[in-house]
1. Applying the selection to the stretch 84-99, what residues are assigned to a strand (DSSP E or B) and more than 14 Å from the chain's Cα centre (by Cα)?
2. Restricting attention to the stretch 275-301, report how many residues are out of contact with any strand residue (DSSP E or B) (no Cβ under 6 Å at 6 or more places or on another chain) and surrounded by 15 or more Cβ atoms within 10 Å (Cβ to Cβ).
3. Any residue in the stretch 302-315 that's modelled with pLDDT under 85: show its pairings with residues that are part of a strand (DSSP E or B) at Cβ separation under 8 Å, as long as the two are six or more apart or on different chains.
4. I'd like the residue in the stretch 202-220 that is assigned to a loop (DSSP other than H, G, I, E, B) and under 30 Å from residue 171 (Cα atoms) and, out of all such residues, is modelled with the highest pLDDT.
5. Within the stretch 36-66, work out how many residues are touching a helix residue (DSSP H, G or I) at 6+ places or on another chain (Cβ under 9 Å) and closer than 19 Å to residue 89 by Cα.
6. Do you know which of the residues in the stretch 240-254 that are free of Cβ contacts under 8 Å to residues at least 60 places away in the same chain and in contact with a strand residue (DSSP E or B) (Cβ under 8 Å, 6 or more places away or on another chain) is surrounded by the most Cβ atoms within 10 Å (Cβ to Cβ)?
7. If residue 258 satisfies every condition in (1) over 15 Å from residue 299 (Cβ atoms); (2) out of contact with any helix residue (DSSP H, G or I) (no Cβ under 8 Å at 6 or more places or on another chain); (3) touching a residue at least 12 places away in the same chain (Cβ under 8 Å) but one, which is the exception?
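The values are calculated or read from the model by the stated rules, or taken from the named source; none is laboratory data. Everything numeric in this text was worked out from a predicted model, so none of it was measured. Note that we place each Cβ from the backbone using ideal geometry, even for glycine, and neighbour counts take in every protein chain shown.
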């Protein structure tokens, strides 16, 4: 009986040792001793909360606003694919646009229901992510709420003007450095003006720009918030139901980490090219996004938009 107990204890010890080796917490194979500690007490204390050091959806540059609130509510669903060396991701996209007052007030609930990604350990070292590469992972993303108000439209000489205020909750996880897990807010004023060629291939050319402010919380104890101006510009070319848009823009933080000698990585600047084909009640959209600064991905987007209620009026 005593011998059996000894063997049982040995087997138990071997099992515990095996779990310690093979079932250890992810990330323990890479030492963080040379990483910068930004001062929090969580395992994410080594991560820099900035657009250039997190996933593509963590602190996104807002979509371009052409200063026209729609005349109809709608739902948009799509897939986004992101590529960079050492980091590949695919996320779902959902946006519910509720037009409270046609062509005047719109409330938009949007975000990333899921994101599937894989990062190499080299990228994880660069971004100081504690957890090791354990293959493809899937998790939920952030949820945003935006309100847009049409301040001016169809004035004889002045451009159309809209006001936007947006904020997000913290449903997205920071575990693999995909989201910030902290509050983020931005607001802006957008202006836009359309021109209608009397003759020619195009039926409408619309030029627009926006300016505002972008703010997000960080994990730096001494400086808990980063922020900076937000600017974007775009031009649309429309012929019948097909619209081509060229856009450039971003925001520019004041480098909350710079005073400790860390590069900000907080000035994302992106270029977008998108196509929209409008139908009676269903629109189809395709978009390409590339980063010019602090956005390291090539992104491809495809979406379907279903509109209901009052159809948007032609200008």
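1. Keep residues of the stretch 84-99 that are assigned to a strand (DSSP E or B), which gives 84, 87-99.
Listed by number, the residues that qualify are 84, 87, 88, 96, 97, 98, 99.
2. Total meeting the criteria: 2.
3. What qualifies is 309/73; 309/99; 310/99; 315/194; 315/204.
4. Taking the candidates together, the pick is 218.
5. 1
6. At the first step, the residues of the stretch 240-254 found to be free of Cβ contacts under 8 Å to residues at least 60 places away in the same chain are 240-244, 246, 248, 252, 254.
Those left that are additionally in contact with a strand residue (DSSP E or B) (Cβ under 8 Å, 6 or more places away or on another chain): 241-244, 246, 248, 252, 254.
Values: 241: 13, 242: 12, 243: 20, 244: 14, 246: 14, 248: 16, 252: 18, 254: 14.
By that ranking, first place goes to 243.
7. (3)
Residue by residue, here is whether (1) out of contact with any strand residue (DSSP E or B) (no Cβ under 7 Å at 6 or more places or on another chain); (2) at pLDDT 95 or above; (3) surrounded by fewer than 15 Cβ atoms within 10 Å (Cβ to Cβ) holds:
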position	(1), (2), (3)
130	yes, no, no
150	no, yes, no
155	yes, no, yes
162	no, yes, no
175	yes, no, no
178	no, no, no
190	no, yes, no
200	yes, no, yes
